[in-house]
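What follows is calculated from the coordinates using simple rules that are stated; it is not laboratory data. None of these values were measured; they are calculated from a predicted model. Positions of Cβ are generated from backbone atoms using ideal geometry, with glycine treated the same way; all protein chains shown enter the neighbour counts.
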DNA sequence: CATTTTAGCTAACACGTGTACGCTCAATGT
DNA sequence: ACATTGAGCGTACACGTGTTAGCTAAAATG
């Protein structure tokens, strides 16, 4: 009942997606992705592409979704590390940087399309980043007992710092990435201290 | 001796640059910029383009330079506001956001090519951002007497936050941009507080 | 004034692109 | 068993692209 036919279709759909991913590189971004080349790498005729996607844009949005999914899986991984002890900041930043290193093409896609030229793409990526931020806010409120507003301010700043560092990490080699990771950890801790100081102001007499 | 000929050449060179700027929009980025369309808008034949630039890439790098120049002019403006009193943070963030609002295509170009697909572009933009950071470090060391290392950490974090906010401001309307500006100011102040707290740790007994 | 330089032109090229049309043939539905 | 569906294919078209080669005329040079 799985449908040997639908099964095959899903398979070549994946072939297309993976072909597109492969063609994403440092020199060759989504914008300059060609239907024909993607189809060629997937091993189907150019026209058969339309059996799976209406547009290249539709393919691209699927890529973003895949990326967002991977990103959220990363977050869960990170939370696992927290559960079994250790600095939340360090483990979060480290796993994030590992994601950038291991899934470079996906991260680059997210990064580029965040300020890219398709509104649909920008919104899709922003949605993923917002997820990211929202979960951080929840953590700060639930576990660290920050007032919501301050938690939002802080989470937003942290996400900006971490994503910015991720962008710089893309081009970096392992050593440089290590340095960036430590730098980022220190910066996030700095933000946390600042948020804490502000919180103390709110209720000066402990 | 100005050279009526060289003068004319410089003029159409500017025409080309401005034509390229005009074609940069939310939907149509540098990557999909066409030599022929640019030439058309500049009012010259496609082939004449090569009298001024060897590549589209060379044109693009000129655009980045123009953008960086404008950004540095903005910084000087901002520093003037500081000289005649007022919060340095507020005036810096405000003028930065004004830049994003008024010179949107240029800022978008910088933002996109920062993580774009041409290494030359990435380096060019990074160079501009580094200028930005370096001047902030100098300020923090000279005026606020932070130790250099802490100043660098702080400046880098601030630049990341501000640029991230700028990226979000691109799509925003005036009201939303105002909100973003206030948010960013608060975040930068938060970072400053954090840096201050860390500095106090370094020399606990005042 | 004679010569050289050069910004801009027209014509032409080879190429890659997205997409429409109609065919095949194996998996599905009845 | 038969009819229908649909994934994939080959052909073909119109179009925009970057780039070369060679001409023209005006400015620069001496």
Per-residue average of Cβ from other chains inside 10 Å of A:159-165: 6
Gyration tensor (alpha-carbon) shape descriptor, region A:126-169, a/c threshold 1.5: prolate
Tensor-based shape of the protein assembly as shown (alpha-carbon gyration tensor, a/c under 1.5 rounded, otherwise prolate or oblate): oblate
Taking chain B and dividing mean pair separation by its residue count, relative contact order in percent (alpha carbons under 8 Å, at least six apart): 17
Inter-copy label distances at residue B:11 (7 Å, Cα→Cβ; nm, one decimal): 6.7
Diffusion constant of chain B at 20 °C, which comes from Stokes-Einstein with the Kirkwood Cα-pair radius and 1.002 mPa s, µm²/s: 113
FRET efficiency, 1/(1 + (r/R0)^6) with R0 35 Å, evaluated for residue A:148 and residue A:36 via beta carbons: 0.10
Modelled label reach - residue B:134, point 7 Å along Cα→Cβ, region A:171-203 residues with backbone N closer than 12 Å: none
Chain B, rotation onto A, residue closest to that axis via Cβ, with its distance in Å: B:194, 2
Cα Rg, Dmax (largest Cα-Cα span) when computed across region A:145-206, Å: 14.5, 48
Degrees, to the nearest 10: A:56-83 long Cα axis against longest axis of chain A: 40
Acute angle (nearest 10 degrees) that the helix A:88-102 long axis makes with the longest principal axis of chain A, alpha-carbon atoms: 20
Average beta-carbon neighbours from other chains, 10 Å sphere, peptide B:115-125: 4
Extension gain (nm, one decimal) between residue B:179 and residue B:48, 0.36 nm per residue minus Cα-Cα: 42.5 nm
Inter-copy separations for residue A:26, label at 7 Å along Cα-Cβ, nm, ascending: 3.3
Nm distances between copies for residue B:134, ranked from closest, using label points 7 Å along Cα→Cβ: 4.3
Ratio of Rg to Rh over region B:18-89 (Cα coordinates, Kirkwood Rh, two decimals): 1.19
10 Å Cβ neighbours from other chains, averaged over peptide B:26-32: 4
Shape category assigned to region B:97-206 from the gyration tensor of Cα positions, a/c cut at 1.5: oblate
Helical mean residue ellipticity (222 nm; -39500 (n - 2.57) per DSSP H run of 4+; nearest 500) of chain A: -26500 deg cm²/dmol
Gap separating the Cα centres of region B:161-206 and region A:132-159, nearest whole Å: 15
